[in-house]
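Undergrad: Have a look at the structure that comes next, please.
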Amino acid sequence: MNIGLYCNWGIIEYNNDFYIKSIHKNYIEAFKEHSDKLYILSKVKKTNLIKEYVKIDISNVYIIGIPWFNGYIQSIKYFFNILFSIYNLYK
């Protein structure tokens, strides 16, 4: 079974690896146990590591990045980008 999640956890890409807050990593690990492929639609930013972020094991995890924003009001300018990404997640 494949699972797709739309969650604005804020994923950091650093040196071709992905990092997330540890609490969200626990959710990812739980979903991975129940799926063949896990698709995560989330805002992604290339930046230096942040102390409380941990590396994600991306085996069987596919990250669909959307632009970084700081709140749902700010996300309005990315509405069509997000909508297109949700459509791709659904496919």
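Undergrad: So which chymotrypsin sites (Phe, Trp or Tyr not before Pro) in the chain end up in coil per DSSP with only 10 or fewer other C-beta atoms within 10 Å?
TA: Here the sparse-neighbourhood loop sites are 72.
Undergrad: Something else now. How large is the helix-only mean residue ellipticity at 222 nm for the chain, computed as the sum of -39500 (n - 2.57) over DSSP H runs with n ≥ 4, divided by its residue count, in deg cm²/dmol to the nearest 500?
TA: Rounded to the nearest 500, the figure is -8000 deg cm²/dmol.
Undergrad: Here's a follow-up. Give the long-range amide H neighbours of residue 54: residues separated by 5 or more places, or on another chain, with amide H under 5 Å away, using H modelled in the peptide plane at 1.01 Å from N.
TA: 20, 21, 22
Undergrad: On to the next question. Of 49, 59, 35, whose Cα points farthest to the positive end of the dipole of the chain (charges on the beta-carbon: +1 Lys, Arg; -1 Asp, Glu; origin at the Cα centre)?
TA: Farthest along the dipole direction, towards plus: 49.
Undergrad: Using Cα positions and a limit of under 18 Å, work out the lysines in reach of residue 51, with same-chain residues fewer than 8 apart set aside.
TA: Straight-distance partners of residue 51: 21, 25.
Undergrad: Work out from phi, with θ = phi - 60° and the Karplus expression 6.51 cos²θ - 1.76 cosθ + 1.60, the ³J(HN,Hα) of each residue of segment 66-73, listed in order in whole Hz, and give x for Gly and Pro.
TA: Going residue by residue, I get 10, x, 6, 8, 10, x, 5, 4 Hz, with x marking Gly and Pro.
Undergrad: Roughly how big is the chain's charge dipole about its Cα centre, with Cβ charges of +1 (Lys, Arg) and -1 (Asp, Glu), in debye to the nearest 20?
TA: I would put it at about 300 debye.
Undergrad: Mind listing the long-range amide H neighbours of residue 43? Cut-off is under 5 Å, sequence gap 5 or more, other chains count too, H placed in the peptide plane at 1.01 Å from N.
TA: Sorted by chain and number, the residues that satisfy this are 9, 10, 11, 66.
Undergrad: List the aspartates and glutamates whose alpha-carbon lies under 13 Å from that of residue 55, not counting same-chain residues fewer than 8 positions away?
TA: 13, 17, 29
Undergrad: So for segment 2-90, averaging the separation of alpha carbon pairs under 8 Å that are six or more residues apart and normalising by length, what relative contact order in percent results?
TA: 33
Undergrad: Could you go through segment 32-42 in sequence order and give the Karplus-derived ³J(HN,Hα) for each residue, using 6.51 cos²θ - 1.76 cosθ + 1.60 with θ = phi - 60°, rounded to whole Hz, and x for Gly and Pro?
TA: With coefficients 6.51, -1.76 and 1.60, one gets 4, 5, 10, 9, 7, 9, 10, 9, 10, 9, 7 Hz.
Every number in this text was worked out from the coordinates using simple rules, so none of it is lab data. Just so it is clear, the model here is predicted, and its values are computed rather than measured. All Cβ positions, even for glycine, are placed from backbone atoms using ideal geometry, and neighbour counts span all protein chains on display.
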